[in-house]
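Following this message is one structure expressed as structure tokens.
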Amino acid sequence: MIFIFLVICNVDERLPQNWQMTWKAVGLFFAFLAGLTDILDGYIARKYNLITDFGQLMDPLADKIFMATTFIMLVDKGILEGWVAVIVLSREFLVTGLRLLGAGKGVVIPSDITGKLKTSLQMAFLVIGGSFWVLGWKGTQITQIVWAWWLWEISKWIIIFVTVYSGANYFYRLRHLYLDKKNH
């Protein structure tokens, strides 16, 4: 579904003006549906004890593709500053690297509560940003609407903090993977 969203994002401005908002709403729907199915998948896996090593590896990778795509699109559309996306994507690559290190040592690293909180808050943030995109608002228009600016700025700083905290938590909690000299 995220790839459908990506296609929609890249043709939205080529459409006639009267179709753009509807087309963008369809794109936001697909992004929202992708996030919802991710939550549902995790719930079903836990409820029916269908948790697998494959799922523990692939679910976070699918989340990273989703996050990377949507954050890059918000930057591309002039809604989000690029440095925020760099922070988010850096955390994703770093934790993926840690997971690869763990996998090389026979350790599967499932998402923890800080990772789940980070993902949930980022998804909420992306719904806000996606709503601005559907409305056709870019950074300058957002700053002119007081409530939108406050909502955007507060939610942006919350996700920055939680993203950095979550990444640091993984590296602290799993420091034995990269500090243990016996395994080198």
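As an exercise: evaluate residue 150 against (1) in contact with a helix residue (DSSP H, G or I) (Cβ under 9 Å, 6 or more places away or on another chain); (2) surrounded by fewer than 19 Cβ atoms within 10 Å (Cβ to Cβ) and give the number of the one condition it does not meet.
Single failed check for residue 150: (1).
Here's a follow-up. Just checking, how many residues over the stretch 48-103 are modelled with pLDDT under 90, within 15 Å of the chain's Cα centre (by Cα) and more than 18 Å from residue 165 (Cβ to Cβ)?
So the answer is 6.
Looking only at the stretch 36-57, decide whether some residue is part of a helix (DSSP H, G or I), in contact with a Phe, Trp or Tyr (Cβ under 8 Å, 6 or more places away or on another chain) and in contact (Cβ under 8 Å) with a residue 24 or more places away in the chain.
First pass over the stretch 36-57, keeping only residues part of a helix (DSSP H, G or I): 36-47, 53-57.
In the following step, the residues that additionally are in contact with a Phe, Trp or Tyr (Cβ under 8 Å, 6 or more places away or on another chain) were identified as 38.
From the residues that got through so far, the ones that are in contact (Cβ under 8 Å) with a residue 24 or more places away in the chain too are 38.
Yes, the stretch 36-57 contains a residue that is part of a helix (DSSP H, G or I), in contact with a Phe, Trp or Tyr (Cβ under 8 Å, 6 or more places away or on another chain) and in contact (Cβ under 8 Å) with a residue 24 or more places away in the chain.
What residue, among those in the stretch 8-25 that are crowded, with 16+ Cβ neighbours inside 10 Å and without any contact (Cβ under 8 Å) to a residue 24 or more places away in the chain, is nearest to residue 118 (Cα to Cα)?
For the stretch 8-25, the residue satisfying everything is 8.
Give the number of residues within the stretch 111-126 that are surrounded by 14 or more Cβ atoms within 10 Å (Cβ to Cβ) and more than 15 Å from residue 161 (Cβ to Cβ).
Counting residues in the stretch 111-126 that are surrounded by 14 or more Cβ atoms within 10 Å (Cβ to Cβ) and more than 15 Å from residue 161 (Cβ to Cβ) gives 5.
In the stretch 26-41, which residues are within 15 Å of residue 60 (Cα to Cα) and either buried (at least 17 other Cβ atoms within 10 Å of the Cβ) or in contact with a Leu (Cβ under 9 Å, 6 or more places away or on another chain) (or both)?
Taking the stretch 26-41 and keeping what is within 15 Å of residue 60 (Cα to Cα), we get 34-41.
Within the stretch 26-41, 34, 35, 38 qualify.
The values are calculated or read from the model by the stated rules, or taken from the named source; none is laboratory data. Worth saying up front: this structure is predicted, and the values here are computed from it rather than measured. All Cβ positions, even for glycine, are placed from backbone atoms using ideal geometry, and neighbour counts span all protein chains on display.
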